Amino acid sequence: MTDKKIKFSELDNRIVEILKKDGRATNQRIASALDISTSLVASRIRRMEQNGLMRLVTVADFSAFDYNVLLPVGVDVKGRPANEVANDIAALDEVASVQLVTGKHDIEILVTLPNLAAMGDFMLNRLSKIDGVLSLDPAFAVDIIKYEFDVAPV
């Protein structure tokens with residue numbers, strides 16, 4: 001069995017660029033903009049999704065849901081594999097992202113909270129109670145310079 005790599009074509013790139021600007025763009029609108037058939041747009045999108053090259057998601061602005069605190073936290077682990085601890089942390093609703101890392105900490109997470117008052121309860125009664133969490137090193141995000149999920153070049 002051959003592991004065949006699927007690559008983006010110029011047409012795929014153009015379709016993705018339209019969807020990046022408007023994730024609700026219909027196949028008909030994309031087809032019209034690119035002067036191609038709607039069935040070709042649908043098949044290209046389906047192929048990219050099936051091959052893991054693209055997925056369509058909705059990204060909400062967390063502040064619109066009254067999450068006004070963005071808290072990066074370094075997590076040190078002891079007594080359990082870091083990936084197991086990371087999976088337990090990822091199950092918490094307040095946690096937006098979890099990364100296994102090298103460097104000062106074993107895990108880095110990004111937490112969204114409604115206010116500073118919620119931080120104490122979350123850190124002391126939920127996060128620190130996870131088996132294997134040795135220590136937490138929180139930092140406050142004082143300003144967001146860039147917050148973007150579109151990190152892969154097309």
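Okay, residues lined up against (1) of a type in the set (Val, Ile, Thr); (2) modelled with pLDDT of 85 or more; (3) crowded, with 16+ Cβ neighbours inside 10 Å; (4) under 30 Å from residue 24 (Cα atoms):
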site: 69; (1), (2), (3), (4): yes, no, yes, yes
site: 72; (1), (2), (3), (4): no, yes, no, no
site: 86; (1), (2), (3), (4): no, yes, yes, no
site: 103; (1), (2), (3), (4): no, yes, no, no
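One line per residue, one yes/no per condition, for (1) under 19 Å from the mean Cα position of the chain (by Cα); (2) modelled with pLDDT of 90 or more; (3) among the charged types (D, E, K, R):
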| position | (1), (2), (3) |
| --- | --- |
| 3 | no, no, yes |
| 6 | no, no, no |
| 21 | yes, no, yes |
| 26 | no, yes, no |
| 29 | no, yes, yes |
| 34 | no, yes, no |
| 39 | no, yes, no |
| 57 | yes, no, no |
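Contact annotation: residue pairs with Cβ atoms under 7 Å, 6 or more positions apart or on different chains, pairing a residue in the stretch 96-123 that is of a type in the set (Lys, Arg) with a partner that is surrounded by fewer than 18 Cβ atoms within 10 Å (Cβ to Cβ) and at pLDDT 90 or above, are 104/74.
The values are calculated or read from the model by the stated rules, or taken from the named source; none is laboratory data. All values reported here derive from a predicted model rather than from experimental measurement. Cβ coordinates were reconstructed from backbone atoms using ideal geometry, including for glycine residues, and neighbour counts include every protein chain displayed.
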